[in-house]
Amino acid sequence: MADTPAPILPRAALERVLLRAAELHAASGDVPETMSEADLLALAKEVGISPVAVKQALAEERMRVALPAERGLAAALAGPAGFTASRVVPGDARATLERVERTFQSEENLVVLRRFPDRIVWGPRGGLAGAMAGVAAGFSGRALVLDKADEVSVSMVQVEPGRVHARIETTTAGRRSVTLRTAVGGLVGGAALGAVLAVLNVMAPIAIGVAAVAAVLPGLIARSVYRSDTGRMQLAVEQVLDRLEFGEPKRRGIVEQILGSGQ
């Protein structure tokens, strides 16, 4: 009787089996507490995992920052006080970091706060120079986005020759504090307005309605603006990573623009 051929697993089933096998192996207690990078690469080679994938995973692990999910009244009312985006892109770490620096210098109203071999921290350009840059950007039609953040940090780690792990972190805690103070100020002002209307013997339903609107509206507007700004910042960061990964978009000539606008 001929041997029955072993069943062929589709990719989805293969991924589930490997994931479950890893879980069972980890639960068995046979996993060492520590392992060198060389031993990890050797182990991955034995099970058929490419060294490139392991090195990329190691780079991502080194750059991973385990931040707990933000909770509390501030996060619930206004939103998170920062965000992070990362991606593996082609290139050299130093050259890629310099490329991002040139992009920020030409397209954003930012100034370098701290500089490290593999990391640069930017902040908004204040004072007269920052104000003039903002006015100039407005006249040119450029929208400045990241200068609304407290800090923008860019880190680069070489995964392997020709591949870089890029990470961009943006903090907006200061801007969120302004949003929350606006909301609190609205509540205080609304309560004061209600008291004044009561003293003036304004009809209770009208006084309550006007005071409620005055108390809530500033906070709602401030939260809407904050969330809109942080959303635009996240989009700008992802667009920076897009350009690093896929290159600059091809600029159309004048004739192509005219033909395109007529469609």
- request: May I ask you to verify whether residue 94 is surrounded by 10 or more Cβ atoms within 10 Å (Cβ to Cβ), under 30 Å from residue 225 (Cα atoms), among the charged types (D, E, K, R) and at pLDDT 70 or above?
  value: no
field: residue 215 vs. criteria assigned to a helix (DSSP H, G or I), surrounded by fewer than 19 Cβ atoms within 10 Å (Cβ to Cβ) and modelled with pLDDT under 85
entry: no
task: Give me a count of the residues in the range 183-239 that are on the phi < 0 side of the Ramachandran plot, of a type outside the set (Val, Ile, Thr) and more than 37 Å from the chain's Cα centre (by Cα).
output: 14
- prompt: Can you name the strands (runs of 3 or more DSSP E) wholly within the range 104-192 that have at least 1 residues being crowded, with 19+ Cβ neighbours inside 10 Å and modelled with pLDDT of 90 or more?
  reply: 119-124, 151-160, 163-171
- request: Could you tell me which of the residues 172, 179, 230 is touching a Phe, Trp or Tyr at 6+ places or on another chain (Cβ under 6 Å) and hydroxyl-bearing (Ser, Thr, Tyr)?
  value: 179
message: Take residue 60 and tell me if it is open to solvent by less than 80 Å² (accessible area, probe 1.4 Å), under 25 Å from residue 235 (Cβ atoms), at pLDDT below 70 and not in a strand (DSSP E or B).
response: yes
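Let's see how each residue does on (1) in a helix (DSSP H, G or I); (2) at pLDDT 70 or above:
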residue: 14; (1), (2): yes, no
residue: 23; (1), (2): yes, no
residue: 65; (1), (2): no, no
residue: 85; (1), (2): no, yes
residue: 89; (1), (2): no, yes
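The values are calculated or read from the model by the stated rules, or taken from the named source; none is laboratory data. Just so it is clear, the model here is predicted, and its values are computed rather than measured. Positions of Cβ are generated from backbone atoms using ideal geometry, with glycine treated the same way; all protein chains shown enter the neighbour counts. Surface areas here come from the heavy atoms of the whole protein model, side chains and all, with no ligands, DNA or RNA. Shrake-Rupley method; radii C 1.70, N 1.55, O 1.52, S 1.80 Å.
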